[in-house]
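A.B. asks: So that we are looking at the same thing, I have put the structure below in structure tokens.
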Amino acid sequence: MPYPEVHEAVTRLVEDLAARAQAKLPPERELAARLGVSRTTVRRALGELEAQGVLRRVQGRAGGAFLNGVQPAVPAPAETPGPGPQRKVERSLNRVTSVPAMLKSQGFSVGTRLVSASLEHPPEPVADFLGVDVTELVACILRVRFADGDSLSLERMYVSAARFPSLLESSLQGSMYDLFEKRFGVRVGFVEETIEAAAAPRHVATLLGLAEGDPLLRLVRLALDTDGVPFEYSVDLFRSDRTRLTVQTTNPADRVRSETATAGRRPDRSHDRHEPSRHQKWSTPRISSTAPPG
């Protein structure tokens with residue numbers, strides 16, 4: 001990443017942290033890993049912001065980079081904190097787009113931390129959807145995504161180890177959909193996502209740099225290839241203070257009439273391989289897309 005882009009990303013991170021009344025920046029090593037650059041480059045950007053009076057750097061065990069003039073916000077008892085005012089990442093529900101492509105299209109720098117990648121026995125809902133037995137192995141990949149050096153989401157993906165042999169030997173930092181297509185010839189044909197509100201448990205809060213109980217958006221994604229064969233079961237946890245969901249609808253009046261006419265009638269989907277099993281708990285809304293990944 002060219003230095004001007006690094007400086008711009010760190011500047012946006014500073015603005016976002018100030019908007020949330022968060023005075024301390026992540027450590028240099030962490031920022032460098034998130035942005036995919038050297039610590040020297042990050043140190044240069046911090047040095048320029050320090051010279052401008054934006055932040056100060058403190059040495060020692062309790063040191064680090066701190067924003068000047070930022071005090072932790074203490075809301076009045078009657079106030080309910082709302083989403084942060086910083087620039088949000090917009091996630092369209094009309095199109096299947098990889099996170100790197102989504103962030104780049106909106107001018108964010110992209111970062112990924114691979115937390116773990118392992119072969120394990122799948123939970124029953126995962127096995128049901130992927131069409132494997134719970135005694136078989138699946139690849140489980142856990143990653144944290146960053147936008148402008150600040151955490152955005154935690155992703156846990158399951159795919160069949162038999163269908164994607166030696167997957168864990170590949171680089172897992174970029175778009176998995178690009179990797180599936182280029183290395184294994186598997187392209188996304190249909191995706192169904194279930195979205196609901198959630199609170200961050202302690203281990204998730206730690207990975208995302210949040211407080212336990214902070215609000216999240218939980219997306220369960222089921223993906224089929226162009227032949228209609230299920231191949232991916234993922235659970236993504238997006239920070240609600242950094243994410244805005246968007247959806248576009250055409251002919252809403254026709255849709256309302258159609259839904260009214262079919263109300264009370266549940267279609268027979270017993271033949272549909274991606275219908276969730278009785279072990280899965282879903283909440284509305286469900287969002288489906290047949291668009292190719294971006």
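A.B. asks: Would you list 250, 40, 11 from fewest to most Cβ contacts within 10 Å?
C.D. replies: 250, 40, 11
A.B. asks: Over the range 3-67, what is the relative contact order in percent, taking alpha-carbon pairs closer than 8 angstrom and at least six residues apart?
C.D. replies: Reported relative contact order: 35 percent.
A.B. asks: What distance in nm separates the two pseudo spin-label positions at residue 119 and residue 218, each 7 Å out from Cα along the beta-carbon direction?
C.D. replies: Placing both labels 7 Å along Cα→Cβ, they lie 3.0 nm apart.
A.B. asks: Please sort 180-188, 151-159 by packing, taking for each peptide the average over its residues of neighbouring beta carbons within 10 angstrom, highest first.
C.D. replies: Packing proxy ranking, top to bottom: 151-159, 180-188.
A.B. asks: Oh, and also: Run the numbers for residue 168 and residue 21: contour at 0.36 nm per residue of separation, minus the present Cα-Cα distance, in nm.
C.D. replies: 49.0 nm
A.B. asks: Please work out the C-alpha center-to-center distance from the range 190-223 to the range 141-179 and express it in whole Å.
C.D. replies: 16 Å
A.B. asks: Okay, next question. What distance in nm lies between label points placed 7 Å from Cα along the C-beta direction at residue 68 and residue 43?
C.D. replies: 2.2 nm
Every number here is computed from the coordinates shown, using simple stated rules; none is lab data. Here the structure is a predicted model, which means the values were calculated and not measured. Cβ: placed from backbone, ideal geometry, glycine included. Neighbour counts: every protein chain shown.
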